1. Tilt of helix 635-658 relative to the longest C-alpha principal axis of the chain, in degrees (0 to 90, nearest 10)?
2. Can you list which of the GluC sites (Glu not before Pro) found in the stretch 466-560 are DSSP loop residues with at most 14 other C-beta atoms within 10 Å?
3. Would you be so kind as to identify which of Gly371, Trp318, Leu281 lies farthest towards the positive end of the dipole of the stretch 262-377, taking Lys and Arg as +1 and Asp and Glu as -1 on Cβ and the Cα centre as origin?
4. Describe numerically, in nm with one decimal, the distance between label points set 7 Å from Cα along Cα→Cβ at Ile448 and at Ser319.
5. So how do 96-102, 676-682, 214-220 stack up, highest first, on mean other-Cβ count within 10 Å?
6. How fast does the stretch 200-275 diffuse by Stokes-Einstein, in µm²/s, taking the Kirkwood radius from C-alpha pairs at 25 °C and 0.890 mPa s?
7. Out of Gly83, Ala444, Ala391, whose Cα points farthest toward the positive end of the dipole of the chain (charges: +1 Lys, Arg; -1 Asp, Glu; placed on Cβ)?
8. Tell me the Rg and the Dmax, in Å, that the Cα atoms of the stretch 189-231 produce.
Amino acid sequence: MSRKLLTMRAIMSLAAGVLCASIAFGAAPLSDQAALEHRFDALIHPDELRDWMKQLTSQPNHVGSPHDKANADQILAWFKDWGWDANIETFWILYPTPISETLELVSPKPFKATLQEPPIPGDSSATATDPALPAYVVYQGDGDVTAGLIYVNYGMQDDYKTLERMGVSVKGKIAIARYGSGWRGLKPKLAQDHGAIGCIIYSDPEGDGYSVDQTYPDGPMRPPRGVQRGSVADMPLYPGDPLTPGIGATKDAKRLKISEAPTILKIPVLPISYADAQIFLEALGGHVAPSSWRGALPITYHVGPGPAVVHLAVKSDWSIKPIYDVIAMLPGSIYPDQWVVRGNHHDGWVFGASDPMSGQVALLAEAKALGALVHQGWRPKRTIVYTSWDAEEPMLVGSTEWVETHASELKQKMVLYINSDGNERGFLGVGGSHDFQHLVNEVAADVIDPETGVPIGQRLRAEMRIAALEPDAKPHAKDEAKAAADPDQDFPIEALGSGSDYSAFIAHLGVPALDLGFGAEGEAGGVYHSRYDTFEHHTRFVDPGFVYDALLAKTAGRLVIRVADADVPVQRATGFAATVADYLDQVKKLADDKRDEAENQAKLLHDRAFQLAADPTKSSGLPTTLDRVPHVEFAALDDAVDRLKRSAKAYDDALAKNAAHLSGARLARLQSLMLDIDQTLAPDVGLPGRPWYKNLIYAPGRYTGYGAKTLPGVREAIEDRRWPDANRYAKLTANALNAYSDRLDKATAVLKGT
Ligand SMILES: [Zn+2]
């Protein structure tokens, strides 16, 4: 999964970094640390990454395929060869696969959609002997429906407001939405919520086709018959196996009935290519689509209704299937019960070269190098756990089931989870827990970008400063650029929403997580989740020479080594505090904006402005009336953020001054206070209406999907106009931040010896 790297900066909100006290890392002299890391680098060979990718992507490797199982067995064998204590952990999950799919235009003129991705000569898509699954979306609801078609643009909340103003409804209709703007699964979910009985999702060439660049095989972008597969489970409710929310999908687990599983859609859904979509869209009449709704097809985009009538039918095999997580350990020599966990998934939609094998081969390179360092006599102080997840694509299933199965042990032992997924040539992209932002900055200062010869952090800072010059740059990008221009400040990392295997760690357990990868220069987006995400495409257009896949190994490997060997806690609190303060400012502004919006709408309705501005020859409608916005009770949250800023500064100052001189008992006390401090941010109450998500600082948006919502209990309550929830979660979030500050204050006292 994970198309996040290219878009995360645009989607997410966060603060500028702040000045951090810089202290020498750990007790070992820097030269020893640097020497160890140089030895690690020397063990990373791009040619090996290439060979592994070629083997792992030689046949389709979707969940349940013979090659996915063979890959898990192969990865297990490699870990063992490299000196790791490794095993495969099997889970049993609901994994529907299509038996039959039909999509046809019934009128005005009959047309049967091809639903096929033809092989491309010279490409793995033409040489595979194992069958690929037909293009489909997993966890849609089977059905056989015939109805009129309505074009809903991206199919997101704002698009339904526009439809309302046009006087057009999808009730009893089949919606056709284009990919983009928000997460895939929200499109059929919102269509279903608005009364649609079926949904089609297509890839418009404006998003990732010929409008962007030449199409594959001439260039990197989506060819006319390329289809984006994916999950449409209601992930913002909970990810993982739909039948076992909150518990591991072990063989004997108590399961929901399929009909009771709330994350499975009720309506049939199919993804299609733009070659197929053009015929359906051309058949639509009714309103001409608003200008921002028009894609790059050579047609006049209409919304409907009429005259297009569509027949859509999907039938699936709803059996339980095994999945295979590979789990490997190197035991810690001093703190064996403190774990650094690193992961990347190994299942793909078809061949999965860029997604996920580019990240998987980086992880393998790290594992081989770490094994070799151990063979040479190095012993990590903490236990290192490497994980190769299965079933990420259907909805983070392998990682989620492992986390749910081992939740209490992981909450006791985990220091940090470090994730990667698809990787490309380009700039470092990082999201995660902001108390680890300084660690990321330290590592990014020591890894050299192969294209420019400067540290990857310096290159990222340059990119942030230039991005802020774009005419449509958001205030957020300008804040980032300001921080990036100041070498005394850390460059900011992003907030994590969802879209890859970090989710269960950070959002459910509250364990801190980082997600990293390179991107924005290589171009994997055009073959994303299609049959054309192949070894040939990756080596031609995404990372020729496996230079950046190897660089990912050097970057992630350094994070692992530094956290595993650190003598003092690696977190810094001031960056986190400043980030949370910025989130609170955003949420308060949001409440004010909502108030202005409601007042303005009341005036417009009073003045009959909507009716007077509408074209009387076309259908139109009035917007749903907005209720008056009360003042949210922010005082407790204001106090908590002020206190967090003071406690954070005191902690970071005390750490800079005293960390190097701590004795055994005080050091142990400090470590135990900081080991699980992030879990104070994820109290058991969970988010309103979706208690699986426990982190009150970071969550995937209920209506953005992958995109993060920060301070989500409060922010989403304001967005959705749930005023009692807004007040309640302002207090709950304040309590969580106060618990974090309490912990910091105790750690500061230990550092000061008071
Ligand atoms: Zn992926």
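1. 40
2. On the way: sites: Glu480, Glu494, Glu521, Glu523, Glu536; in loops: Glu521, Glu523.
The qualifying sites are Glu521.
3. Leu281
4. Each label point lies 7 Å from its Cα, and together they span 5.4 nm.
5. Details: 96-102: 16.3, 676-682: 21.7, 214-220: 17.9.
Going from most to least packed, we get 676-682, 214-220, 96-102.
6. Numbers: Rh = 15.0 Å.
The Stokes-Einstein estimate is 164 µm²/s.
7. Farthest along the dipole direction, towards plus: Ala391.
8. Rg and Dmax of the stretch 189-231, Cα atoms, are 13.7, 42 Å.
Values in this text are rule-based calculations from the coordinates and carry no lab data. Everything quoted here is computed from the prediction, not taken from an experiment. Don't worry about glycine lacking a Cβ; one is built from the backbone with ideal geometry, like all the others, and counts go over all protein chains shown.
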